[in-house]
Amino acid sequence: EISYCDLQGGFQEPSISTGPSGSTIVDVVGNVDADPVFADASNPLGIDGAAFTPDDGLRIDPAASPCVDSGTMSGTPDHDVTGASRPIGSGVDMGAYEVGVVFVASSMPGRISEDGQSWQTAFAELRDALPSAVGGYEVWVAEGTYLPSAGSDPGLSFHPPSNTAIYGGFAGDETQRN
């Protein structure tokens, strides 16, 4: 049985066939036939050049991949290859990496709340977003100035959670990072 896999360009469900010994083979559960939308397939090891880290290019894009929250916990390890807990979000992601995004934008017209789940509900401050960015998350930060505290103490710095990647310079309407 092939289940909870992305088999781009080669699978239609349900598929029932007869095996060589006359047994019935059923491939029906949770498969996807689509581009997995990797974060950066041209750079599998990511910026740090090390495998199994949050910046790896073969992670699925948390904002665009059909594999996000499309897997199953049945038979899935409790942690991904980076050590991030599974699941993040409403379900486990297909593949070796579990991903999620926390959005930060210092000025967002029409902001309806601050939970960091979208650009429209982005945290206004990076310091408020980091506690929500548990291992495995990406933090997408819109252009702006962000300080580690409300004051201006130059001795303070941000302390992101481990296994968290932070990307900046967004306009505040992107659905993929480039």
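Among I166, I112, the order of accessible area from largest down is I112, I166, computed with a 1.4 Å probe on protein heavy atoms. Applying the Kirkwood pairwise sum to the alpha-carbon positions of segment 137-178 produces a hydrodynamic radius of 12.0 angstrom.
Quick check on the chain: of the DSSP beta bridges with both residues there, what percent are antiparallel, nearest 5%? Given both bridge residues lie in the chain, the antiparallel proportion sits at roughly 35 percent. Test of understanding: express the Cα radius of gyration of segment 41-178 as a ratio to 2.2 N^0.38 Å, with N the residue count. Expressed relative to 2.2 N^0.38 Å, the Cα Rg reads 1.06. Given contacts defined as C-alpha pairs under 8 Å and at least six residues apart, what's the relative contact order of segment 115-178, whole-number percent? This gives 38 percent for segment 115-178. Net charge in the neighbourhood of L130 (other residues with Cβ under 15 Å of its Cβ; Lys, Arg +1, Asp, Glu -1) is -4.
The values are calculated or read from the model by the stated rules, or taken from the named source; none is laboratory data. Note that the structure is a prediction, hence the values are computed from the model and not measured. We place every Cβ from the backbone using ideal geometry, glycine too, and count neighbours over all the protein chains shown. Side chains included, ligands, DNA and RNA excluded: accessible areas come from the protein's heavy atoms. Shrake-Rupley method; radii C 1.70, N 1.55, O 1.52, S 1.80 Å.
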